[in-house]
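Read through the structure below, which is laid out as structure tokens, and then see the notes.
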Amino acid sequence: MILLALFMLSFGVPASGETLPEWFLPLREAVYEQELTAAEIEPIYRDISAKARASLSGEAQYIMLSRCEYMMGRAYRYEERKDEAAARFGEGMAFAQKALDIRKSAEAWQMLAENLSQSCAVRSTSFAIANGLNVEKYAKNALAIDGRNAAAGIIVASRWVYAPAPFYNHNRGIEMMSAVLNESDNDKDDLFNIYSAIGYAYMQQKKNAEAKTWLLKSLEVYPTHKYVQSLIEKL
């Protein structure tokens, strides 16, 4: 997991059912669509963070603020603005911890895991070594509370998909991602992450036909996602 951090329809899979408030979705969509620059996403992030402060309180507010920090951090990371990304992920972890101080919920553990995972990718190697193993630990804490938490399941499965040799196990990763797909409450971004991970795993196995099928499915979710587009171009 340390090294990981450094780094449906056609198959009868149920469609996603959004579990997030509608007013948060523009931020998520802007980040995953990858059509706006981080500077253009910043006003969306500020607006939605303000909505979270105005409309939520306590644990729910902290979790949503953690999500906002996570998304803005992702936008900075895409542009290799590591210091700014690290600051946002650090704030995301702080908000998740505040939520956990109120109640040990699956969502709070999930957000702590997601922000920490991204922090390990943009901070120093020593930070990743010291903290990387906690990513999977926190994700498993989330799953212990809610076994249908898709994002937490994806984090655990990703270890086997994205880790470098000899730590990966692509067959296991595909199997685990498929289980999350069929057994979890998947939001739109969860479906994208699952499809692209399975496609990546098949790509590493040189199974290009299977890889293309899954990568194209991920582009059905976010057609403008540049990283997946680049993977397809390599096939």
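Laboratory data are not the source of any read-out in this text; all were calculated from the coordinates shown. For clarity, every value in this text was computed on a predicted model and none was experimentally measured. Methodologically, a virtual Cβ is constructed for each residue, glycine included, from the backbone with ideal geometry; neighbour enumeration extends over all protein chains shown.
Results, tabulated for the structure shown:
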| item | result |
| --- | --- |
| Residue order, fewest to most beta carbons within 10 Å, for Ser49, Ser126 | Ser126, Ser49 |
| Most to least packed among 86-92, 67-73 [average Cβ atoms within 10 Å] | 67-73, 86-92 |
| Across Lys82/Lys137; Lys98/Lys226; Lys140/Lys188, pairs whose alpha-carbon gap is larger than 31 Å | Lys98/Lys226 |
| Cα shape, the chain, gyration tensor, a/c 1.5 rule | rounded |
| Value of [θ]222 nm, deg cm²/dmol, for the chain, DSSP H segments ≥ 4, -39500 (n - 2.57) each, nearest 500 | -24500 deg cm²/dmol |
| Cβ crowding within 10 Å averaged over residues, with 108-119, 153-164, 173-184 ranked highest first | 108-119, 153-164, 173-184 |
| Relative packing of peptides 52-63, 189-200 - highest average C-beta neighbours within 10 Å first | 189-200, 52-63 |
| Per-pair calculated FRET efficiency, R0 = 30 Å: Leu25 and Arg103 via Cβ, rounded to 0.05 | 0.75 |
